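Structure first, commentary second.
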Amino acid sequence: MKAISFDQLQETVYHEKLPNGLNVYLLPKPGFQKTYATFSTHYGSIDNHFQVEGQNAAQVPDGIAHFLEHKMFEEPEGDIFAKFASLGASANAFTSFDRTVYLFSATNQIEQSLTTLIDFVQNPYFTDQNVEKEKGIIGQEINMYGDNPDWRVYFGLIEALYAKHPVRIDIAGTVASISEITKETLYLCYHAFYHPTNMSLFIVGGFEPELIMELVRANQAAKTFPPQGEIQRFFEEEPQPVKQKEKRIELPVSLPKCLFGFKDLVGQESGEQLLRKELTTKLALDALLSGSSNLYQSMYDDGIISDSFGHEFNCGVNYSFSIIGGDTKDPEALMARVSEELKRATEHGIDAAAFERSKRKKIGAFLRMMNSPESLAHEFTKYEFKGTHLFDVLQVYESITHEEANRRIAEHVDFDRMAVCIVHSPEGEPAAL
């Protein structure tokens, strides 16, 4: 077990790569009552075309990673949630574009909860009957999100930005795509992506690291995993232009919802280069659009935006895009005001004082996160699977310069690669109350 010290943060992470390939990370927090654990696989909704070394290539139905996450909680003797509850632990899971995470939080019986987490994720139970039953449950979930304006405008924008990349596909898939899922395709994906070499276990909280590491070692040593080669993921070449400039969706809403953003040119950044791109973009957008910016205050005072207005930047190894917007009475005015400010920033740069404020704010938020086991656990494997380290974030934020942020915003904000999605009430119908 190797101790990795981060003196600036006064934190020590213990890491060990087990003989079966599983990466285990422990972050003890003396004095903390809560322990939080995540067992993650580098497998998300975009991984629908792949090949494991020595095996045939496979193309699987959209939504299968999310479907698999749901099915992992079912066991022959019942639902695994009940077992966690009996231990006083709270369990959950989620699927994103590029990872699936299983987790629990607890204040006692940590060893039993950790064993339960590892064992159920490494013991799939799929039958024809329970797969068919799940199709109805997830189909209802898909239809429910289809009526959710916030969900529709979010994925509507991504659909407008991307023509080929699977990031444009709803994480849950469609009712039609999940109808094609069988227990055989679930086992195919499980054995491809849930091998220890493609997974990471992260535990943070009040525990003794050597005791926990020994528990994990013994648990894994008692199981047999066949050797597995490298996973190759296939993606169609994504055109540089956006798929469509504007997408409109009719749903009963009290105010239109307007999201717009920019699609980056496809790159193959990874590791520190990708981390720097992500943090520099987030910092630049915050300086221009956050609640403390002049633009935000003026739009708020004019009634163009509410406190729902925000921005984010999503990036992976082969995709990256920004999302800006929120609820507004006037989508055209919102886009015009934001576009004007972004154009000014690309030509004249970000205000130096605003940049420094945002930089200090980002650093402060990161330092506060050190006291949140949940945030640490959620963020850790996100960065690990991108080939970098969560605790590198502070150093990168500190090193980003005003000039670097100006170059990045000028590179990212290309109005030829901008798209918008607007959700609005049908013409002639009263808005929802």
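Pairs are defined by a Cβ separation below 6 Å, a sequence spacing of at least 6 or placement on different chains, a first member in the stretch 1-24 that is surrounded by fewer than 12 Cβ atoms within 10 Å (Cβ to Cβ), and a second member that is among the β-branched types (Val, Ile, Thr) and part of a loop (DSSP other than H, G, I, E, B); no pair meets this definition.
Total residues in the stretch 323-380 satisfying the condition of being of a type in the set (A, V, I, L, M, F, W, C), buried (at least 21 other Cβ atoms within 10 Å of the Cβ) and either assigned by TED's automatic domain parsing to the domain that holds Tyr162 or at pLDDT below 95 (or both): the figure is 3.
Taking first residues from the stretch 215-239 that are closer than 30 Å to Gln109 by Cβ and in contact (Cβ under 8 Å) with a residue 40 or more places away in the chain and partners that are surrounded by 12 or more Cβ atoms within 10 Å (Cβ to Cβ) and of a type in the set (Val, Ile, Thr), the Cβ contacts under 6 Å between residues at least 6 apart in sequence or on separate chains come to Val216/Val24; Asn219/Ile118.
Just one residue in the set Tyr194, Tyr145 is surrounded by fewer than 19 Cβ atoms within 10 Å (Cβ to Cβ), assigned by TED's automatic domain parsing to the domain that holds His49 and under 23 Å from the mean Cα position of the chain (by Cα); that residue is Tyr145. Of the residues in the stretch 203-254, how many are of a type outside the set (A, V, I, L, M, F, W, C), outside any helix (DSSP H, G or I) and farther than 24 Å from His42 by Cα? Residues meeting the conditions: 14.
Each residue in the stretch 1-30 was checked for being at pLDDT below 90 and either of a type in the set (Ser, Thr, Tyr) or not in a strand (DSSP E or B) (or both), and 6 of them qualify. Scanning the stretch 75-100 for residues that are surrounded by 15 or more Cβ atoms within 10 Å (Cβ to Cβ) and of a type in the set (A, V, I, L, M) gives Ile80, Leu87, Ala89, Ala91, Ala93. Elements of the type helices (runs of 4 or more DSSP H) sitting completely within the stretch 38-121 and holding at least 1 residues that are closer than 15 Å to Phe193 by Cβ: these cover 64-71, 110-121.
The numbered conditions (1) surrounded by fewer than 21 Cβ atoms within 10 Å (Cβ to Cβ); (2) farther than 30 Å from Met213 by Cβ; (3) in contact with an Asp or Glu (Cβ under 6 Å, 6 or more places away or on another chain); (4) of a type outside the set (Gly, Ala, Ser) are all true for His165 except (1). For the stretch 300-322, a residue qualifies if it is in contact with a strand residue (DSSP E or B) (Cβ under 6 Å, 6 or more places away or on another chain) and among the hydroxyl-bearing types (Ser, Thr, Tyr), and the qualifying residues are Ser306, Ser308, Ser322. Taking the numbered list (1) in contact (Cβ under 8 Å) with a residue 60 or more places away in the chain; (2) in contact with a Gly (Cβ under 9 Å, 6 or more places away or on another chain) in turn, Arg276 passes all entries but (2).
The values are calculated or read from the model by the stated rules, or taken from the named source; none is laboratory data. Since this is a predicted model, take the numbers as computed values, not measurements. Glycine gets a Cβ as well: all are built from the backbone with ideal geometry, and neighbour counts include every protein chain shown.
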